[in-house]
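Trainee: There's a structure below that I have some questions on.
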Amino acid sequence: MVNKLSTANTNVIFGKRLRDLREEYGLLQENVGNWFSMGKSTISQWESGRLPHATIIIELSKRFNVTTDYLLGLSPNKRNIETTNAYDTKDPAQNLPEEARKSLEDFKKFLFEKHGVEYNK
């Protein structure tokens with residue numbers, strides 16, 4: 001059984017976040033409606049708490065560069081938090097040309113010497 005209170009809350013949050021994003025992007029309800037071949041009255045209904053179809057929520061999240069969880073009020077984060085592997089030891093300098101890697105290495109040595117720190121490559 002779906003909790004009516006939480007569903008209503010989700011609808012309100014969705015509507016507020018949609019309106020906030022639309023305004024942040026400087027769009028009118030009519031502009032958003034054009035994405036889906038719908039009128040501004042439909043967008044007004046969404047912003048007043050009526051949820052659109054899931055495929056529309058997904059498309060809105062893509063267009064506004066936010067997660068569907070954010071739109072639905074399930075997360076306070078607009079975008080996914082990217083995680084990094086703590087054990088990833090790839091050195092991005094390896095993507096540089098050989099001459100640039102040599103310059104970078106020379107600069108590292110210079111900084112260590114300047115600050116009196118022993119440099120062990």
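Trainee: Against the conditions (1) modelled with pLDDT under 90; (2) closer than 30 Å to Thr7 by Cβ, where does His115 fall short? Just the number, please.
Mentor: (2)
Trainee: Hey, another quick one. When you scan the range 63-81, do you find a residue that is small (Gly, Ala, Ser), at pLDDT 90 or above and more than 22 Å from Thr42 (Cα to Cα), even just one?
Mentor: So in the range 63-81, the residues small (Gly, Ala, Ser) come out as 73, 75.
With at pLDDT 90 or above added as a condition, the list becomes 73, 75.
Next, from what is left, pick out any that are more than 22 Å from Thr42 (Cα to Cα): 75.
Yes; the residues of the range 63-81 include at least one that is small (Gly, Ala, Ser), at pLDDT 90 or above and more than 22 Å from Thr42 (Cα to Cα).
Trainee: What pairs come out if I take residues in the range 57-74 that are touching a residue at least 12 places away in the same chain (Cβ under 8 Å) and pair them with residues that are surrounded by 17 or more Cβ atoms within 10 Å (Cβ to Cβ) and small (Gly, Ala, Ser) whose C-beta lies under 7 Å away, six or more apart or interchain?
Mentor: Qualifying pairs under 7 Å: Thr67/Ser61; Leu71/Ser61.
Trainee: Further question on the same structure: Inside the range 25-63, can you point out the residues that are among the aromatic types (Phe, Trp, Tyr) and surrounded by 15 or more Cβ atoms within 10 Å (Cβ to Cβ)? Before the answer, list the steps.
Mentor: Initially, the range 25-63 is screened for residues among the aromatic types (Phe, Trp, Tyr), giving 25, 35-36, 46.
Hits for the range 25-63 are Phe36, Trp46.
Trainee: If you take the residues of the range 13-49 that are free of Cβ contacts under 8 Å to residues at least 40 places away in the same chain and among the β-branched types (Val, Ile, Thr), which of them is farthest from Ser61 (Cα to Cα)?
Mentor: My answer is Thr42.
Trainee: Let me ask something else. For residues that are small (Gly, Ala, Ser) and at pLDDT 70 or above, tally how many sit in the range 84-100. Steps first, please.
Mentor: Step one: of the range 84-100, the residues small (Gly, Ala, Ser) are 86, 93, 100.
Within this subset, residues satisfying the condition of being at pLDDT 70 or above are 93, 100.
Of the residues in the range 84-100, 2 are small (Gly, Ala, Ser) and at pLDDT 70 or above.
The values are calculated or read from the model by the stated rules, or taken from the named source; none is laboratory data. Because the structure is predicted, anything quoted here is derived from the model rather than measured. In this analysis, Cβ positions are derived from the backbone assuming ideal geometry, glycine residues included, and neighbour counts consider all displayed protein chains.
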